[in-house]
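J.: Structure incoming, see below.
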Amino acid sequence: MPEFAVPKLRHPPPPPSTGDLEPHDEGRYAELDVVTNFSFLRGASHPDELIYRATELGYKAIAITDLNSLAGIVRAFDATKQVIEQGGRPPKLIIGTRLTFTDGTPDLLVHVMDRPAYSRLCRLLTTGKRRTEKGKCSLTLQDLLEHHQGLLAAICLDSSFIPSEKISDLRDAFGDRLSLATSCLHGPDDVARLEELNNISRCYHIPLLATNNVHYHISERRALQDILTCIRHICTIQEAGYRLFSNGERYLKSPGQMRRLFDAYPQAIARGLDLADRCTFSVEELR
């Protein structure tokens with residue numbers, strides 16, 4: 001052990017001042033799918049950078065959804081307090097995580113509605129981490145169904161996924177707390193994929209939820225996120241290929257940008273705002 005504490009290599013950025021705030025364009029927006037650098041070798045921005053940028057853009061709410069973890073929440077909560085101390089209005093901070101499963105269940109974005117639900121989510125994550133080696137999490141759909149009360153869930157599907165009985169099980173358990181998350185990231189098949197997901201939404205009576213699958217706060221961080229991906233897969237940038245995201249669109253977009261991307265599906269934007277209203281839990285309740 002070192003005799004003296006190692007000084008921090010990073011100096012946190014200052015909170016945005018009133019003059020840094022951008023005009024609020026075309027209504028409000030809540031981003032409910034955000035990865036920070038606490039998702040190891042995945043997120044390319046610190047929680048405070050994401051909170052400050054969301055404040056500048058005038059977001060109504062932002063959810064931190066690190067992979068099988070709540071680790072980024074404390075730093076994000078501290079950032080919201082810094083904004084308030086500067087006289088600003090930070091977005092509502094929603095506690096959540098992105099759950100992965102070992103039984104073929106698609107990834108789920110899970111958000112906490114109240115204090116008891118936070119406790120259930122903590123117990124669920126502890127169960128998954130105790131089953132496997134450090135840094136990993138092993139969960140099944142049944143584990144979630146035993147802890148689902150008070151949690152919101154959003155199914156993360158891609159265009160190649162064929163709906164199964166697991167979607168029906170989730171719908172039956174969560175009811176109106178279940179959504180179908182979708183993003184519009186300027187891919188070659190965005191229109192067809194959104195139409196396909198909208199058909200699934202109607203078939204299963206599960207509302208669409210617009211997100212941007214955020215991995216960094218500004219587009220300039222795309223290069224860093226590529227490097228993190230290469231480290232995670234132990235390959236060079238030339239060898240990475242389709243392991244990398246196809247473009248630099250996974251940043252915090254303005255409310256106006258998101259509304260334009262989902263112009264044909266305004267209900268997906270409204271769903272995010274509705275879910276944000278239903279989440280009342282704050283980290284302050286843990287004192």
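The values are calculated or read from the model by the stated rules, or taken from the named source; none is laboratory data. Every value quoted in this text rests on a predicted model; they were computed, and no experiment measured them. Note that we place each Cβ from the backbone using ideal geometry, even for glycine, and neighbour counts take in every protein chain shown.
J.: Which of (1) of a type outside the set (Lys, Arg); (2) at pLDDT 95 or above; (3) assigned to a helix (DSSP H, G or I) does residue 242 not meet, given it meets every other one?
T.: Result: residue 242 passes all but (2).
Residue-wise test of (1) under 15 Å from residue 264 (Cβ atoms); (2) modelled with pLDDT of 90 or more; (3) touching a Phe, Trp or Tyr at 6+ places or on another chain (Cβ under 8 Å); (4) among the aromatic types (Phe, Trp, Tyr).
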{"position": "176", "(1), (2), (3), (4)": "no, yes, no, no"}
{"position": "179", "(1), (2), (3), (4)": "no, yes, no, no"}
{"position": "183", "(1), (2), (3), (4)": "yes, yes, no, no"}
{"position": "190", "(1), (2), (3), (4)": "yes, no, no, no"}
{"position": "205", "(1), (2), (3), (4)": "no, yes, no, no"}
{"position": "208", "(1), (2), (3), (4)": "yes, yes, yes, no"}
{"position": "211", "(1), (2), (3), (4)": "no, yes, no, no"}
{"position": "216", "(1), (2), (3), (4)": "no, yes, yes, yes"}
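J.: Kindly indicate whether residue 237 is more than 19 Å from residue 157 (Cβ to Cβ), out of contact with any strand residue (DSSP E or B) (no Cβ under 6 Å at 6 or more places or on another chain) and touching a residue at least 12 places away in the same chain (Cβ under 8 Å).
T.: It is false that residue 237 is more than 19 Å from residue 157 (Cβ to Cβ), out of contact with any strand residue (DSSP E or B) (no Cβ under 6 Å at 6 or more places or on another chain) and touching a residue at least 12 places away in the same chain (Cβ under 8 Å).
J.: Something else now. In this structure, does residue 175 turn out to be loosely packed, with under 14 Cβ neighbours inside 10 Å and under 19 Å from residue 105 (Cα atoms)?
T.: In short, yes.
J.: Same structure, new question: If I ask for residues that are on the phi > 0 side of the Ramachandran plot, among the small types (Gly, Ala, Ser) and buried (at least 19 other Cβ atoms within 10 Å of the Cβ), which ones from the range 57-99 would you list?
T.: 58
J.: OK, next. Have a look at 246, 179, 201 and point out the one that is hydroxyl-bearing (Ser, Thr, Tyr) and within 17 Å of the chain's Cα centre (by Cα).
T.: On the way: 246 fails: within 17 Å of the chain's Cα centre (by Cα); 201 fails: within 17 Å of the chain's Cα centre (by Cα).
None of the others qualify; the one that does is 179.
J.: Among the numbered criteria (1) surrounded by 13 or more Cβ atoms within 10 Å (Cβ to Cβ); (2) among the acidic types (Asp, Glu); (3) touching a strand residue (DSSP E or B) at 6+ places or on another chain (Cβ under 9 Å); (4) part of a helix (DSSP H, G or I), which one does residue 249 miss?
T.: (4)
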